[in-house]
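The values are calculated or read from the model by the stated rules, or taken from the named source; none is laboratory data. Here the structure is a predicted model, which is why all the values come from computation and not from measurement. Cβ placement follows ideal geometry from the backbone for every residue including glycine, while neighbour counts extend to all protein chains displayed. The accessibility values were calculated without ligands, DNA or RNA, using every heavy atom of the protein model including side chains. Shrake-Rupley method; radii C 1.70, N 1.55, O 1.52, S 1.80 Å.
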Amino acid sequence: MNIKDRRVFITGGGSGIGAEIGRTLGAAGARVAIFDRDEAAAQAVCSEIEAAGSPATVAVSGDATDKASTEAAVAKAKEAFGSIDILINNVGIVRDRYLIKMSDEDWDGVLDTNLKSYFLASRAVAPLMMEQKYGRIINISSRAWLGNVGQANYSAAKAGVVGLTRSMALELGKFNITVNCVAPGFIDTPLTRNLREDVWEKLVKSQPISTIGTPREVAYAVQFFAADQAFYLNGQVLYVCGGKSISSFGSA
């Protein structure tokens, strides 16, 4: 699965899944730009990637929900690498509440971060890919786009990511740009580690494979879509969820 010397831009790459994607693609020989609100975290991940042998990295700080900030980050990556071949839209937050207790701020914050940011980064990067007649855009959705109790905002945003993926795949395919989506299930990240122990155990038991996934499994799926050999995969959703997407196995 060749991605050697490909130029990668990852949103929300300072921790969790995004950081592991950066490490995995960097280890495969890609040049990686990490875009994150936390500049120190972005720089730390870049240092890890370079220490493991990646040819080059660049850390960019800013707000992925802001047009000007996103465009400035893309411009910095372009200046460093010459262009961008692979965009990974990964940034995300959760603010879980039952519908009747969910505030406007809970709704807007999750939709802006988990969906609008994907639109902003894609719109900023697509012209570079169109000009060079090559590109890979991989969006991180979630199994939760199928629906979750207490996650109306998160599920709606992640469903929006799937719709955005499919629409962009139709629009950009003629430029040799593929757009695909990875939908993780229950993954061991800083977000999930904040769950109460009883909630954690219940979620694990609800999995067909009774264990929690790691960011590494998600990163492998991203690498698969990012590779040169995946040129005929477009507009697809790949679940990395231990089978949870098949049905409501167990009870979460």
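Within segment 35-52, which residues are closer than 15 Å to ILE140 by Cβ and open to solvent by 10 Å² or more (accessible area, probe 1.4 Å)? Spell out the reasoning first.
From segment 35-52, those closer than 15 Å to ILE140 by Cβ are 35-36; that's our starting set.
Within segment 35-52, just ASP36 meets the criteria.
May I ask you to say which residue of LYS78, LYS116, LYS133, LYS101 is basic (Lys, Arg) and without any contact (Cβ under 8 Å) to a residue 24 or more places away in the chain? Working first, answer last.
Working: LYS78 fails: without any contact (Cβ under 8 Å) to a residue 24 or more places away in the chain; LYS116 fails: without any contact (Cβ under 8 Å) to a residue 24 or more places away in the chain; LYS133 fails: without any contact (Cβ under 8 Å) to a residue 24 or more places away in the chain.
Among LYS78, LYS116, LYS133, LYS101, only LYS101 is basic (Lys, Arg) and without any contact (Cβ under 8 Å) to a residue 24 or more places away in the chain.
Somewhere in segment 70-89, is a residue β-branched (Val, Ile, Thr) and either surrounded by fewer than 22 Cβ atoms within 10 Å (Cβ to Cβ) or out of contact with any helix residue (DSSP H, G or I) (no Cβ under 7 Å at 6 or more places or on another chain) (or both)?
In the first step, residues of segment 70-89 are kept if they are β-branched (Val, Ile, Thr); the result is 70, 74, 84, 86, 88.
Those still in the list that are either surrounded by fewer than 22 Cβ atoms within 10 Å (Cβ to Cβ) or out of contact with any helix residue (DSSP H, G or I) (no Cβ under 7 Å at 6 or more places or on another chain) (or both) too: none.
No, segment 70-89 has no match at all.
Restricting the first residue to segment 200-219 and requiring it to be in contact (Cβ under 8 Å) with a residue 24 or more places away in the chain, which pairs with a second residue that is in a loop (DSSP other than H, G, I, E, B) and of a type in the set (Ser, Thr, Tyr) meet a Cβ separation below 8 Å and a spacing of at least six or different chains?
The qualifying pairs are LYS202/SER251; SER206/SER251; PRO215/THR189.
Hey, which of the helices (runs of 4 or more DSSP H) in segment 87-190, taking only ones fully inside, have at least 2 residues that are among the aromatic types (Phe, Trp, Tyr)?
Numbers: elements: 104-111, 117-132, 152-172.
So the answer is 117-132.
For every residue, the table says whether it meets (1) modelled with pLDDT under 95; (2) among the acidic types (Asp, Glu); (3) over 23 Å from ASN114 (Cα atoms).
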position: CYS181; (1), (2), (3): no, no, no
position: LEU195; (1), (2), (3): yes, no, no
position: SER210; (1), (2), (3): yes, no, yes
position: GLU217; (1), (2), (3): no, yes, no
position: TYR220; (1), (2), (3): no, no, no
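Among the residues of segment 191-226, count how many are of a type outside the set (Lys, Arg) and part of a helix (DSSP H, G or I).
Residues meeting the conditions: 20.
For VAL74, only one of the following conditions fails: (1) closer than 24 Å to ILE177 by Cα; (2) assigned to a loop (DSSP other than H, G, I, E, B). What is its number?
(2)
Somewhere in segment 226-244, is a residue modelled with pLDDT under 80, crowded, with 16+ Cβ neighbours inside 10 Å and touching a helix residue (DSSP H, G or I) at 6+ places or on another chain (Cβ under 9 Å)?
Yes, there is a match, as at least one residue in segment 226-244 is modelled with pLDDT under 80, crowded, with 16+ Cβ neighbours inside 10 Å and touching a helix residue (DSSP H, G or I) at 6+ places or on another chain (Cβ under 9 Å).
Checking the condition assigned to a strand (DSSP E or B) and either open to solvent by 10 Å² or more (accessible area, probe 1.4 Å) or among the hydroxyl-bearing types (Ser, Thr, Tyr) (or both), which residue from VAL32, VAL58 passes? Give the derivation first.
On the way: VAL32 fails: either open to solvent by 10 Å² or more (accessible area, probe 1.4 Å) or among the hydroxyl-bearing types (Ser, Thr, Tyr) (or both).
VAL58 is the lone residue from the list that is assigned to a strand (DSSP E or B) and either open to solvent by 10 Å² or more (accessible area, probe 1.4 Å) or among the hydroxyl-bearing types (Ser, Thr, Tyr) (or both).
So LEU146 fits all but one of (1) open to solvent by 10 Å² or more (accessible area, probe 1.4 Å); (2) closer than 19 Å to GLY13 by Cα; (3) of a type outside the set (Lys, Arg); what number is the exception?
(2)
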